[in-house]
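K.L.:
Sending over a structure as structure tokens; questions will come in a sec.
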Amino acid sequence: MENPFRPELIETSDGSHTLKLQGFDEQYHSVNGALQESQHVFINSGLHAFEVLPNPLFILEIGLGTGLNALLAGREALLRKSRILYEALEPYPVEPSLLQLLNYPRLFKEPWIEDLFGCIHLAGDENYTNYKDWFFIRCFQTPLQDKVFDESKYHLVFFDAFGPDTQPEMWSAQMFEKIYSSMKPGGVLVTYCVKGDVRRALKAAGFEVNKIPGPKGKREMSRAVKPV
Ligand SMILES: C[S@@+](CC[C@H](N)C(=O)[O-])C[C@H]1O[C@@H](n2cnc3c(N)ncnc32)[C@H](O)[C@@H]1O
């Protein structure tokens, strides 16, 4: 599917790249630092919320985009030697010519990061593509609205859609109900957004929702838990 958002490369405050949507006041990550935002919202506040990491850990990401969140999750799997099964939705994959320009692999000292990044963008929907024995990824080009999920599968959800002003349809109670059913009891959903309407939609879907400290440049973010 052609990408209607026509992304272009920009550099953010921490030196990491992101993509800006031409014609919208919206980026794939925060202009205050793409890397620091992804690390804070999805890894430090999501993956690290588990006292003991389930092995394997099932992660669902809404919006694979550049693959930065997947790269950070894969890096955790490799460093901890703990298996992660990662499933992502991405109806509008980023063009390979643009992916090649992203500086993410150069931001880490691990020599295998570049191969891990390459593996993420090879992922298809039929089988898992894996990097070593620790990171397994599948990517579906199905939009969230059309996706039928297995029940009670995911421990952790990275909800990383464009903001509610750009894509209000992604943030409805109906969408969160689908995701809620796909999660295991005790499962955690993290998102950068703290808008009142979004938190109310999450609660209406059944989640317990908390505001927690946000990444640099943003006071708060949301963490939602499916009650046990
Ligand atoms: C904020 S960006 C995600 C950034 C991404 N997580 C990353 O690390 O680069 C939002 C993503 O949601 C994707 N998207 C747009 N519409 C979608 C839909 N209906 N279902 C799932 N994903 C969608 C966009 O193509 C985009 O990649």
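The values are calculated or read from the model by the stated rules, or taken from the named source; none is laboratory data. None of the values given here were measured: they were computed from a predicted structure. Here the Cβ positions follow ideal geometry from the backbone for every residue, glycine too, while neighbour counts run over all protein chains shown. In case anyone asks, the SASA skips ligands and DNA or RNA and just uses the protein heavy atoms, side chains included. Shrake-Rupley method; radii C 1.70, N 1.55, O 1.52, S 1.80 Å.
K.L.:
Within segment 27-36, which residues are touching an Asp or Glu at 6+ places or on another chain (Cβ under 8 Å) and either more than 27 Å from residue 149 (Cα to Cα) or part of a helix (DSSP H, G or I) (or both)?
P.N.:
30, 32, 33, 34, 35, 36
K.L.:
Still on this structure, I have one more. Cβ-Cβ distance below 9 Å, separation of 6 or more or different chains: which pairs start in segment 92-103 with a residue that is in a loop (DSSP other than H, G, I, E, B) and end on one that is open to solvent by 90 Å² or more (accessible area, probe 1.4 Å) and within 13 Å of the ligand (Cβ to nearest atom)?
P.N.:
Going by the 9 Å Cβ cut-off, the qualifying pairs are 92/1; 92/2; 92/141; 93/1; 93/141.
K.L.:
Of these, 108, 42, 58, which one is of a type outside the set (A, V, I, L, M), within 27 Å of residue 175 (Cα to Cα) and open to solvent by 10 Å² or more (accessible area, probe 1.4 Å)?
P.N.:
Exactly one of 108, 42, 58 is of a type outside the set (A, V, I, L, M), within 27 Å of residue 175 (Cα to Cα) and open to solvent by 10 Å² or more (accessible area, probe 1.4 Å), namely 58.
K.L.:
Going by what's in this entry, would residue 86 be described as among the hydroxyl-bearing types (Ser, Thr, Tyr), within 13 Å of the ligand (Cβ to nearest atom) and more than 25 Å from residue 20 (Cβ to Cβ)?
P.N.:
Against the criterion (among the hydroxyl-bearing types (Ser, Thr, Tyr), within 13 Å of the ligand (Cβ to nearest atom) and more than 25 Å from residue 20 (Cβ to Cβ)), residue 86 qualifies.
K.L.:
For segment 1-36, enumerate the residues that are charged (D, E, K, R) and either exposed (fewer than 15 other Cβ atoms within 10 Å of the Cβ) or near the ligand (Cβ under 9 Å from one of its atoms) (or both).
P.N.:
Correct list: 2, 6, 8, 11, 25, 26.
K.L.:
Within the set of pairs 6 or more residues apart or between chains, which connect a residue that is farther than 17 Å from residue 191 by Cβ and among the acidic types (Asp, Glu) inside segment 138-164 to a residue that is in a helix (DSSP H, G or I) and away from the ligand (no atom under 14 Å from the Cβ) with Cβ atoms less than 9 Å apart?
P.N.:
Matching pairs, first to second residue: 151/181.
K.L.:
To continue, here is another question. I need the strands (runs of 3 or more DSSP E) fully contained in segment 138-228, keeping only those with at least 2 residues that are open to solvent by 10 Å² or more (accessible area, probe 1.4 Å).
P.N.:
Correct list: 183-191, 208-213, 220-225.
K.L.:
Which residue is farthest from the ligand (Cβ to nearest atom), if the candidates are limited to segment 37-70 and must be without any contact (Cβ under 8 Å) to a residue 24 or more places away in the chain and either within 17 Å of the chain's Cα centre (by Cα) or not in a loop (DSSP other than H, G, I, E, B) (or both)?
P.N.:
Top of the filtered list is 48.
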